[in-house]
1. Kindly establish whether residue 207 is more than 17 Å from the chain's Cα centre (by Cα), touching a residue at least 24 places away in the same chain (Cβ under 8 Å) and over 17 Å from residue 266 (Cβ atoms).
2. Considering (1) more than 30 Å from residue 239 (Cα to Cα); (2) assigned to a helix (DSSP H, G or I), say which one residue 149 fails and leave the rest.
3. Pick out the one residue from 229, 239, 243 that is loosely packed, with under 12 Cβ neighbours inside 10 Å and not assigned by TED's automatic domain parsing to the domain that holds residue 176.
4. Are there any pairs with C-beta distances below 7 angstrom linking a residue in region 38-52 that is assigned by TED's automatic domain parsing to the domain that holds residue 69 to a residue that is surrounded by fewer than 17 Cβ atoms within 10 Å (Cβ to Cβ) and in a helix (DSSP H, G or I), with the two at least 6 apart or on different chains, and if so which?
5. At least 2 residues that are at pLDDT below 85 in each: list the strands (runs of 3 or more DSSP E) lying fully within region 157-252 that qualify.
6. Which condition number in (1) within 22 Å of residue 149 (Cα to Cα); (2) buried (at least 20 other Cβ atoms within 10 Å of the Cβ) is the one that residue 70 fails?
7. Would it be correct to say that residue 274 is surrounded by 19 or more Cβ atoms within 10 Å (Cβ to Cβ), more than 15 Å from the chain's Cα centre (by Cα), at negative phi and in a helix (DSSP H, G or I)?
8. Whether any residue in region 38-60 is closer than 20 Å to residue 198 by Cβ, touching a strand residue (DSSP E or B) at 6+ places or on another chain (Cβ under 6 Å) and part of a strand (DSSP E or B) is what I want to check.
């Protein structure tokens, strides 16, 4: 199956500044992919190249099997920028009509109703944007990014303005969208959200991908905690595979074991260690 996004050896130089230094990335259909990194790491530049807004200095980027920036590639992308602005005098439905015209979508009223339902705004079709909360506008932005049934959805900080209920709605939406085979490239500083929703994560630093894998793969073992009659003990450095041996040794020594917990780093801890080491 053709990958949703493939970047190979991508470099980008702005004058004397290198924004990308050989970035490699692959996002598969239906994958929820989190792109992490501090400001200046090159995330936005890579996304702009994928959208066809910026040309790479070297390397290649393909979207859905065709060169990034081509008409076919742009037609397959849905995008929501972090700092978006919609005309306040339009209603939610009118905004989606506008974006249907821009995208050449023939989905009509049915598509608009379905998208508003997906983002939890089914009852707000006639509400003016200027009368919406920031969270409602954020969800409407995701709806407009889905106009025309894109196969690659790129979202920049989509949950930054949302309350816990709104973030949960977006997580459920992204899971449903990926279940339809749509790839999602998610850029967010809310690492707990990335860890909850993403299948795969890449950490960018200095224009390169320095770590990549499933959130569980990026976590490192911190030890095994065992609760016994004498209290809790932590066996530092032990991993999941060491737990049966540890329990067996304790039982043989006459200890009563009540609970065992494998300790591992969170994605946030891994990210902070990676950035701090750099």
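1. Numbers: more than 17 Å from the chain's Cα centre (by Cα): yes; touching a residue at least 24 places away in the same chain (Cβ under 8 Å): yes; over 17 Å from residue 266 (Cβ atoms): yes.
Taking the combined requirement at face value, the residue satisfies it.
2. (2)
3. Working: 239 fails: loosely packed, with under 12 Cβ neighbours inside 10 Å; 243 fails: loosely packed, with under 12 Cβ neighbours inside 10 Å.
Just one listed residue meets the conditions, 229.
4. Hits for this filter: 38/275.
5. On the way: elements: 183-187, 200-205, 208-213, 221-228, 231-235.
In region 157-252, 221-228 are the strands (runs of 3 or more DSSP E) which contain 2 or more residues that are at pLDDT below 85.
6. (2)
7. On the way: surrounded by 19 or more Cβ atoms within 10 Å (Cβ to Cβ): no; more than 15 Å from the chain's Cα centre (by Cα): yes; at negative phi: yes; in a helix (DSSP H, G or I): yes.
No; evaluated as a whole, the condition is false for this residue.
8. So far as region 38-60 goes, no, none of its residues is closer than 20 Å to residue 198 by Cβ, touching a strand residue (DSSP E or B) at 6+ places or on another chain (Cβ under 6 Å) and part of a strand (DSSP E or B).
The values are calculated or read from the model by the stated rules, or taken from the named source; none is laboratory data. Note that the coordinates shown come from a computational prediction; the quantities given were computed from them, not determined experimentally. Cβ: placed from backbone, ideal geometry, glycine included. Neighbour counts: every protein chain shown.
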